[in-house]
Every structure is written in C-alpha cells, then in structure tokens.
Amino acid sequence: MVKTVSNEIQKIRKIKKEDFDINLLIMFDQTTSVVTTAVELELKQLNITQPQVRIMSMLSREDKPVTIDELASWTFKEFNSVSTLINRMEKRGLIKKIKKKEESKTYIILTEKGSILYHKKVTEQSIHMIFSKLSDEDKKHLFNILKQVRDTTSNILGLDFKPQFLL
C-alpha cells in the first residue's frame, strides 16, 4: 500500500515539476520577490516603504482627492490595511485626510511634504536599472501580458475595478 501511494505521488510530482503554468508562477513569484527587494533597498534610504510609494504614486496620478476605498481597489488590498497605511502616512505628514461638508466620505490628498518626497527624492532608479535591459517593444509586450494576467485573475476573483490610469 505504501509503495502504491509513493508511486502515485512520484507521478504527480513529475507532472507538477513539468507543468509549465506552475513553473511560470514560480518564475513570476521569484521575479516579484527580487524586484521588490531591489526597490525596498532603494526606498530604505529614504525611510519609506513600497506600499507608501504606491499610495503616493496613485495620489499623484489623480487630479482629484481619492477615497480609501478607491486606494484599496487600486492596490487590491483590504480597506483596513490601506486605512492603517494611510494613518501612518498622515502621522508622517505625507498625506492629508479631508472631509467634504456635503459628503460623509474621507478623501486623501498628498501634502506638500509628500509631493516633494515622491516627486523629487523617490528616483525609482532601481526600477529603471532593472527594466533597462528590455527594449521598448519588450516592455510594452510584458506590460500587456501582465495586464492580461491581472485582468483575468481579477475577473476570476470577481474584482472588476480597473484604475483609470491603468486602462
């Protein structure tokens, strides 16, 4: 009986080892990890995190204040996680919460300090170094493939929100 289970597991192991989709996910995960590590090392010098830069980037791209709900949708993160991040950023003076009298929603904007930090000090040099090895055509192709994977996954999960700046 043990030998039968072992043979069955060995067959499954071989199938999984040769499954291109699984190997693609492993490559995607490894790439994400190593790129994230490079970016985090660069940002550490500014005493800022990648999630904070992601929020500042999104706020910078918009011409209007945005809600925490919108930020959570854009980042595919839980509202509570984004809210905690926003509170930390507000304490550092990077963003400001504002309430419109006619609405109950809280809106988020970049402060001058946050804007200066994001636009003048966050160089994203590591990102440019990493992607400099790709041609413009390769970058566009990679972008389109990643967008397709993101959109397919979002549809599978029932997450149909697409940030305007990523359409």
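Taken together, the values in this text are just the output of simple stated rules run on the coordinates, not laboratory data. Since the model is a prediction, treat every value here as computed from it, not as a measurement. Every residue, glycine as well, gets a Cβ built from its backbone with ideal geometry; the counts of neighbours run over all protein chains shown.
Using a Gaussian network model of the chain in which every pair of alpha carbons under 10 angstrom is joined by a spring, one finds that among ARG92, ARG150, ARG13 the greatest mean-square fluctuation is at ARG13.
The GNM of the chain, with springs linking C-alpha atoms under 10 angstrom apart, assigns the highest mean-square fluctuation among ILE116, ILE130, ILE26 to ILE26.
In the frame of its principal axes, the chain has Cα extents of 70, 39, 30 Å, reported largest first. Taking the helices alone, the chain has a mean residue ellipticity at 222 nm of -21000 deg cm²/dmol, built from -39,500 (n - 2.57) per DSSP H run of at least 4 residues and averaged over all its residues. Looking at segment 62-106, the GluC sites (Glu not before Pro) that sit in a DSSP loop and have at most 15 other Cβ atoms within 10 Å of their own Cβ are GLU78, GLU102, GLU103. Taking other C-beta atoms within 10 Å as the exposure proxy, TYR118, TYR107 rank TYR107, TYR118 from fewest upward. Can you give the Rg to Rh ratio of segment 88-138, both from alpha-carbon atoms, with Rh computed by the Kirkwood formula? So for segment 88-138, dividing Rg by the Kirkwood Rh gives 1.24. Database remark: amide H of VAL66 closer than 5 angstrom to the amide H of ILE108 (H placed geometrically; neighbours at sequence offset of 5 or more, or on other chains; Pro and chain starts carry no H).
Sorted largest first, the principal axis extents computed over the alpha-carbon atoms of segment 14-60 equal 46, 22, 9 Å.
Helices meeting the span-like rule in the chain (full DSSP H runs, Cα extent of at least 30 Å along the helix axis, mean Kyte-Doolittle score of -0.5 or higher): 20-44. Shown for ILE95, ILE127, ILE9, ILE86: other C-beta atoms within 10 Å of each C-beta, ranked fewest to most, produce the order ILE9, ILE127, ILE86, ILE95. Rounded to the nearest 20, the size of the Cβ-charge dipole of the chain about its Cα centre is 500 debye, with Lys and Arg at +1 and Asp and Glu at -1.
Each of ASN23, VAL34, SER6 was scored by the projection of its Cα onto the charge dipole of segment 1-44, and the greatest displacement toward the positive side belongs to SER6; charges sit on the C-beta of Lys, Arg, Asp and Glu.
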